[in-house]
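Data block below; observations after.
The values are calculated or read from the model by the stated rules, or taken from the named source; none is laboratory data. Bear in mind the structure is a predicted one, so any value in this text is a computation, not a measurement. Heads up, the Cβs are rebuilt from the backbone with ideal geometry, glycines too, and the neighbour counts pull from every protein chain shown. Just the protein is used for accessible areas: all its heavy atoms, side chains included, with ligands, DNA and RNA removed. Shrake-Rupley method; radii C 1.70, N 1.55, O 1.52, S 1.80 Å.
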Amino acid sequence: MIEYINISKEYKNGVKAVANINLTIKKGDFVFVVGSSGAGKSTLIKLLLKEVEPTAGRILLNNEDITKAQNRKIPYIRRSLGVVFQDFRLLPNKTVFENVAFAMEIIGASTRQIKKQVPKVLEMVGLGNKMNSYPDQLSGGEHQRVAIARAIVNKPSVLIADEPTGNLDPDTAWEVMKVIKEINRRGTTVVMATHAKEIVNFMKRRVVALEDGRIVRDEEKGVYGYDA
Ligand code: ADP
Ligand code: ADP
């Protein structure tokens, strides 16, 4: 479903952020991407989102070579990828409902579809009772659960999370992980870059470790494997 084939990315300043990576992630997989700061985790994710172009290699997403895709196809590629960031990125003057609805409006969903789908997704992340709240009325964990609802509302095949618990205290981080785990259980592939050692060690999922842009470890039921 996601295949990185001989992928390299060298930035204009000469930094080789990703060096000849081969990585296959099957449908329904749950993959933690770990490694120290600067190891290439974000670049690997940005390549999939087509926020950066590879210097060499190909990436297949659901059997389609996205490295060859024309610009006009990029919105369709991104539609199959839900993304969550460390810093949530909610729209401050929209309610929880409106923040999630906005993702559906962008792809041209009807009001009827929006009214049906948004409460369903908010219910799933445990925020059915906060639909009319504004972001500044929410806790950190609630922020991130809105962001997750927004990422999955259009039913992407992959949920990409870049340090989703990085701004959260340990209890709240677990609350968010429970939601991500449930999304995966329902069939969505999850790719999560993280420094959350306890979470990785507890979950016993696939772990891909990067160092200097290379995969140094790829384990089925892996551990974090670093001290910090
Ligand atoms: P590109 O070089 O791929 O066009 P960007 O447009 O994202 O990259 O960034 C422009 C410039 O900003 C880069 O060439 C680099 O010098 C600098 N830069 C941005 N982010 C980083 C980073 N995380 N580490 C080092 N340099 C960076
Ligand atoms: P991580 O997410 O693991 O911290 P990154 O993919 O952000 O790693 O960075 C990998 C390497 O590429 C680092 O050396 C970083 O400074 C560099 N880098 C990231 N973005 C840019 C950029 N836009 N321009 C130049 N160098 C960059």
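Points worth noting:
- Selection from segment 55-70 of residues that are within 16 Å of ligand 1 (Cβ to nearest atom) and open to solvent by 50 Å² or more (accessible area, probe 1.4 Å): T55
- The C-beta contact set for segment 200-224 (first residue surrounded by 19 or more Cβ atoms within 10 Å (Cβ to Cβ) and outside any loop (DSSP other than H, G, I, E, B), second residue modelled with pLDDT of 95 or more and of a type in the set (S, T, Y), distance under 8 angstrom, 6+ apart or interchain) comprises V200/T194; V200/Y224; V207/Y224.
- Any hit, segment 153-161, residues being at pLDDT 95 or above, closer than 14 Å to L81 by Cα, more than 16 Å from ligand 1 (Cβ to nearest atom) and in a helix (DSSP H, G or I): no
- Contact annotation: residue pairs with Cβ atoms under 7 Å, 6 or more positions apart or on different chains, pairing a residue in segment 55-68 that is on the phi < 0 side of the Ramachandran plot with a partner that is in a loop (DSSP other than H, G, I, E, B), are R58/T67; I59/I66; I59/T67; L61/S80; I66/K50; T67/P54.
- All positions within segment 173-199 that are in a helix (DSSP H, G or I) and within 16 Å of ligand 2 (Cβ to nearest atom): K197
- Within segment 11-48, tally of residues that are within 14 Å of R214 (Cβ to Cβ), more than 9 Å from ligand 2 (Cβ to nearest atom) and open to solvent by 70 Å² or more (accessible area, probe 1.4 Å): 2
- Residue list for segment 122-154, filter: open to solvent by 60 Å² or more (accessible area, probe 1.4 Å) and touching a residue at least 24 places away in the same chain (Cβ under 8 Å): N132, Y134, D136
- Looking only at segment 40-54, residues that are away from ligand 1 (no atom under 12 Å from the Cβ) and on the phi < 0 side of the Ramachandran plot come to 4 in all.
- Boolean, P119 is open to solvent by less than 50 Å² (accessible area, probe 1.4 Å) and either assigned to a helix (DSSP H, G or I) or within 23 Å of L168 (Cβ to Cβ) (or both): yes
- The set of residues in segment 18-55 that are assigned to a strand (DSSP E or B) and over 24 Å from S80 (Cβ atoms) comprises A19, N20, V34.
- Residue match in segment 71-89 (condition: in a strand (DSSP E or B), more than 30 Å from S133 (Cα to Cα), more than 16 Å from ligand 1 (Cβ to nearest atom) and under 14 Å from the mean Cα position of the chain (by Cα)): no
- Number of residues in segment 90-116 that are more than 19 Å from the chain's Cα centre (by Cα), of a type outside the set (V, I, T) and open to solvent by 30 Å² or more (accessible area, probe 1.4 Å): the value is 12.
- Scanning segment 39-95 for residues that are among the polar types (S, T, N, Q) and more than 21 Å from A151 (Cα to Cα) turns up T55, N63, T67, Q70, N71.
- All told, N62 meets the bar of being farther than 28 Å from G225 by Cα and either in contact with a Phe, Trp or Tyr (Cβ under 7 Å, 6 or more places away or on another chain) or more than 7 Å from ligand 2 (Cβ to nearest atom) (or both).
- Segment 10-24 - residue that is under 13 Å from E53 (Cα atoms) and within 8 Å of ligand 1 (Cβ to nearest atom) and, of those, farthest from the chain's Cα centre (by Cα): K12
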